[in-house]
Amino acid sequence: MSSVSPDKRRKMESALNQLKKHTVVVADTGDFNAIDEYKPQDATTNPSLILAAAKMPAYQHLLDQAIKYGIAKGGTEEEQVANTMDKLFVSFGLEILKKVPGRVSTEVDARLSFDKDEMVAKALRLIALYKEADISKERVLIKLSSTWEGIQAGKELEEKHGIHCNMTLLFSFAQAVACAEANVTLISPFVGRILDWYKENTDRKSYEPHEDPGVLSVTKIYNYYKKFGYSTVVMGASFRNTGQVKALAGCDLLTISPGLLAELSQDHSTVTETLNVETAKACDLEKVHLDEKAFRWEHNEDRMAVEKLSDGIRKFAADAIKLETMIKEKMLNVKNGQ
């Protein structure tokens, strides 16, 4: 029997498996079944994903355990709810870590996005809860909004506490430069939400992957980091279609929703590496330094980034409030013996 030719084998191989040869694939979900199915290296969560998962019957036991924990800790209702939320986020993280070999990203409440000290305190609390469950901080990324305050919180957590940070809600080149200068572990520049903004705010309604404004943004950031030797790694996030994902093959990491992971696993088109260190080093970007004033000005000059950052914070905050409301109702039932 003749062996299968390399070309034919490539055609048989899914786009997802091809992508994994160039990039670390991360699952963007709180649903453990999806993680089981697609075998990502890492997983990321956020308040919206946890809210969606917490509504699923399969995960009610985690919510119930977190509420018992929150009540047992005592304090005011506000403190009990806060402790329950922290416990719930970490409980999801712990379950995910049973299924991935790498790390889980756990997000700090978006309502703290403009308070550096509170973000640091919340991060330390989350890491302490992981430690109680015998999980090393090496397996956790703390997700912070990429505001100036969030970036400085990330810098402090990395330098003083050895806690690895994932800077999220990142839309502008200024945010990316400030994160690199803060020497955080990882950034999550958003792709799909940038595309959404351009479709809503310009006459153009469709883009090929290679000209997609979100893809171009991540490409520029990746090239800048590699050209100037920053240790911070780039994890493209928030994808709307598989074309965007494939156009960033070679990026350090890509965090992908279960729906798009399913599409990639059924797709047998050829995936070629588009980002690499050699090409990055040859690009003509110039090194930039941003202090707080320069950061605020440069970021402010990018209308898309200003609007999407504030919108992202509001949406994550709104979902955190919905989760708190759900917790309060269930807490009341527990206390009333229902």
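The values are calculated or read from the model by the stated rules, or taken from the named source; none is laboratory data. This one's a predicted model, so the numbers in the text were calculated from it and none came from an experiment. Please note: Cβ atoms are built from the backbone with ideal geometry, for glycine as well, and neighbour counts cover all protein chains shown. The area values use the complete protein model at the heavy-atom level, side chains included, leaving out ligands, DNA and RNA. Shrake-Rupley method; radii C 1.70, N 1.55, O 1.52, S 1.80 Å.
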### Task
Would you mind listing the strands (runs of 3 or more DSSP E) fully within segment 3-117 where at least 3 residues are hydrophobic (A, V, I, L, M, F, W, C) and crowded, with 21+ Cβ neighbours inside 10 Å?
24-28
### Summary
Given the conditions (1) within 24 Å of Phe239 (Cβ to Cβ); (2) without any contact (Cβ under 8 Å) to a residue 40 or more places away in the chain, every one holds for Val104 apart from (2)
### Task
Report, ordered by the first and then the second residue, all pairs with beta carbons closer than 7 Å, sequence separation of six or more or different chains, a first member in segment 177-202 that is within 16 Å of Ile221 (Cβ to Cβ) and open to solvent by less than 40 Å² (accessible area, probe 1.4 Å), and a second member that is among the β-branched types (Val, Ile, Thr) and in a helix (DSSP H, G or I).
Ala178/Ile151; Cys179/Ile151; Ala182/Ile151; Pro189/Val218; Pro189/Ile221; Val191/Val215; Val191/Val218
### Query
If you go through segment 321-334 one residue at a time, do you hit one that is under 16 Å from Leu169 (Cα atoms) and either open to solvent by 30 Å² or more (accessible area, probe 1.4 Å) or charged (D, E, K, R) (or both)?
no
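Here is a yes/no grid of residues against (1) in contact with a strand residue (DSSP E or B) (Cβ under 8 Å, 6 or more places away or on another chain); (2) modelled with pLDDT of 95 or more; (3) within 21 Å of Ala53 (Cβ to Cβ):
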position	(1), (2), (3)
Arg103	yes, yes, yes
Arg111	no, yes, yes
Lys116	no, yes, no
Ala121	no, yes, no
Tyr130	yes, yes, yes
Asp134	no, yes, no
Gln152	no, yes, no
Lys155	no, yes, no
### Task
Would you point out the residue of segment 239-275, among those that are crowded, with 17+ Cβ neighbours inside 10 Å and of a type in the set (Gly, Ala, Ser), that is farthest from Ala43 (Cα to Cα)?
Ala247
### Query
Taking segment 151-170, which residues are farther than 18 Å from Thr44 by Cα and crowded, with 24+ Cβ neighbours inside 10 Å?
Ile151, Ala153, Leu157
### Task
Take segment 159-184 and flag every residue that is at negative phi and touching a Ser or Thr at 6+ places or on another chain (Cβ under 7 Å).
His164, Cys165, Asn166, Met167, Thr168, Leu170, Gln175, Cys179, Ala180, Val184
### Task
Check Lys281, Lys315 and return the single one that is at negative phi, surrounded by 15 or more Cβ atoms within 10 Å (Cβ to Cβ) and out of contact with any strand residue (DSSP E or B) (no Cβ under 6 Å at 6 or more places or on another chain).
Lys315
## Note on the structure
Taking segment 118-134 and keeping only residues that are in contact (Cβ under 8 Å) with a residue 12 or more places away in the chain and either more than 16 Å from the chain's Cα centre (by Cα) or not in a helix (DSSP H, G or I) (or both), one is left with Met119, Val120, Lys122, Leu124, Arg125, Leu126, Ile127, Leu129, Tyr130, Ala133
